[in-house]
Amino acid sequence: MKKVYVAMSADIIHQGHLNVLNEARKLGNVIVGLHTDKVIRGYWRNPIMKYEERKKVVENIKGVIEVIPQDILNQVPNLRKIKPDYVLHGDDWMEGDQREIRDKVIEVLKEWDGKLVEVPYTKGVSISKLEEQLYNIGITPEQRMKSLKELIYSKKHIRILEAHNGLTGLIVEKTKVEKDGKVKEFDGMWISSLCDSTAKGKPDIELVDLTSRLNTINEILEVTTKPIIVDGDTGGQIEHFVYTVKTLERLGMSAIIIEDKTGLKKNSLFGTEVTQTQDTIEHFCEKIRAGREARVTSDFMIISRIESLIAKNGMDDAIKRAKAYIEAGSDGIMIHSKESDGREIIEFCRLYNKLENRVPLVVVPTSYNFMTENELSELGINVIIYANHLIRSAYPAMVDTAKTILLNERSKEASINCMPIKEILNLIPSSI
Ligand code: SPV
Ligand code: MG
């Protein structure tokens, strides 16, 4: 029997996969190179089914004699090992990013006179529709919680956007754009203390208490499936923090970030304009340790936020704290800076990368917003949080509308700022 190689992700098996595998079966014994979870996360999103689960499904499809891991997008290393007589692929890879891989496959097949067979792409399969249906089914708290760690440890970097109510949660969940043949979307949500407080018309000084923040979180939980990172401010008293950890973990939050400040907390972007006191290293480490002991699973991440650069306490202090917080058991470090040239962050990363013990690094590039995700990623940063952009863009639009109505004593002139009534009525479907 001839050998036929087919690479696929097979995350949601549909008739398109079966068409390809049927064609492959006609040519010989089918070996499937199944994309590993890491590969799928790298080019798309968290797989719905894990590798072992997908493997079980694919192994049981007629004609498939073996399933092997395809652990990079490029099939060439696997092809050299197997030397198949045929490689089968949908004919949708002739354009865009996949074209390069196609060229490499054609080249390597020449080494043993193998053939590439391209089968017509199955029309009428809408992955986005299938995904929509999965979204409607929802997610368990446990699955949601785990998904952040999985994403952090398998993607070069992840991008997170703030959400402060159900509607903004939906925007983070569903917004997608296509660029260079790839679909881009946000990996998760940040429940910012600044945005949650501002949306409630309150200052960002830990005045909005946990119960009220849980209302916001619940609103978002009800309509989304992506992982959530909670801005935990200072974490409060250690005795209170342990309860916060338990509550958030139970709800399926993925992480809490606490900042090493004490006393009346003010927003970090005020910098030294207001009095902000940093906690002692010893006390903050005690808080981290208590949080770690309180959580039930290691899937819930406790991330420590260093405020040394905000408070102008120096780079040495920032690095010293990073070391201490990692030793105390932090699952991640967030370094914050309000300098707009990005130099502090670059320098911190340079020193951080020399540490022997490192954990994922988180940044909030509000002030140094000229830096691209790739530039940040090259510095070794793993999590990029766009911390306040939805509320900052919505507020000026709303104020402008209010003023326009006042000035014109009617709403006609303001309607150019507004989406049509029909669209707002249909924005949220009435049934799922
Ligand atoms: C928040 O979004 O509430 C933060 C980040 O804590 S920052 O506002 O930059 O301090
Ligand atoms: Mg905050």
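The values are calculated or read from the model by the stated rules, or taken from the named source; none is laboratory data. Treat the numbers as computed from the prediction; the structure is a model and nothing was measured. Cβ: placed from backbone, ideal geometry, glycine included. Neighbour counts: every protein chain shown. Each accessible area value is taken on the protein alone, full model and side chains, heavy atoms only, with ligands, DNA and RNA left out. Shrake-Rupley method; radii C 1.70, N 1.55, O 1.52, S 1.80 Å.
The single condition from (1) closer than 16 Å to Gly232 by Cβ; (2) in contact (Cβ under 8 Å) with a residue 40 or more places away in the chain that Ile310 fails is (1). Look at (1) within 16 Å of ligand 1 (Cβ to nearest atom); (2) over 21 Å from Glu132 (Cα atoms); (3) surrounded by 19 or more Cβ atoms within 10 Å (Cβ to Cβ) and you find that Gly188 fails only one, number (2).
Just to be sure before I move on: is Asn46 more than 22 Å from the chain's Cα centre (by Cα) and either buried (at least 18 other Cβ atoms within 10 Å of the Cβ) or not small (Gly, Ala, Ser) (or both) in the structure I sent? Considered against the rule, which asks whether it is more than 22 Å from the chain's Cα centre (by Cα) and either buried (at least 18 other Cβ atoms within 10 Å of the Cβ) or not small (Gly, Ala, Ser) (or both), Asn46 comes out as no.
Gln143: modelled with pLDDT under 95, outside the structural domain of Thr225 (by the TED database) and more than 16 Å from ligand 2 (Cβ to nearest atom), yes or no? For Gln143, the condition - modelled with pLDDT under 95, outside the structural domain of Thr225 (by the TED database) and more than 16 Å from ligand 2 (Cβ to nearest atom) - is not met. Has region 122-134 got any residue that is basic (Lys, Arg) and more than 26 Å from Phe186 (Cα to Cα)? Among the residues of region 122-134, at least one is basic (Lys, Arg) and more than 26 Å from Phe186 (Cα to Cα), which makes the answer yes. Restricting region 254-271 to residues that are of a type in the set (S, T, N, Q) and open to solvent by less than 10 Å² (accessible area, probe 1.4 Å) leaves a set whose member that is nearest to ligand 2 (Cβ to nearest atom) is Ser268.
Comparison of Ile158, Ile229 shows that the only residue that is closer than 24 Å to Ile40 by Cα, aliphatic (A, V, I, L, M) and touching a helix residue (DSSP H, G or I) at 6+ places or on another chain (Cβ under 6 Å) is Ile158. Residue count for region 207-218 satisfying the condition of being open to solvent by 80 Å² or more (accessible area, probe 1.4 Å) and either within 16 Å of ligand 1 (Cβ to nearest atom) or touching a helix residue (DSSP H, G or I) at 6+ places or on another chain (Cβ under 9 Å) (or both): 2.
Identify, from the list Asp233, Asp204, Asp196, the residue that is crowded, with 19+ Cβ neighbours inside 10 Å, in the same structural domain as Gln278 (by the TED database), farther than 18 Å from Thr277 by Cβ and within 11 Å of ligand 2 (Cβ to nearest atom). Among Asp233, Asp204, Asp196, only Asp196 is crowded, with 19+ Cβ neighbours inside 10 Å, in the same structural domain as Gln278 (by the TED database), farther than 18 Å from Thr277 by Cβ and within 11 Å of ligand 2 (Cβ to nearest atom).
Condition test on Thr224, is it open to solvent by 40 Å² or more (accessible area, probe 1.4 Å), in the same structural domain as Tyr153 (by the TED database) and farther than 25 Å from Arg321 by Cβ? In short, no. Listed by first and then second residue, the pairs linking a residue in region 359-378 that is within 16 Å of ligand 2 (Cβ to nearest atom) to a residue that is outside any helix (DSSP H, G or I) and among the hydroxyl-bearing types (Ser, Thr, Tyr), with Cβ atoms under 6 Å apart and 6 or more places separating them unless they lie on different chains, are Ser367/Ser340. Here is a check on your reading of the model: is Gly329 of a type outside the set (A, V, I, L, M), in a loop (DSSP other than H, G, I, E, B) and either open to solvent by less than 20 Å² (accessible area, probe 1.4 Å) or under 19 Å from Met189 (Cα atoms) (or both)? Here the answer is yes, as Gly329 does meet what is asked. One residue alone among Asp37, Asp91, Asp85 is acidic (Asp, Glu) and within 28 Å of the chain's Cα centre (by Cα), and that residue is Asp37.
Applying the criterion of at least 2 residues that are at pLDDT 95 or above and under 22 Å from Leu269 (Cβ atoms) to the helices (runs of 4 or more DSSP H) found wholly in region 343-432 leaves 343-352, 373-378, 389-408.
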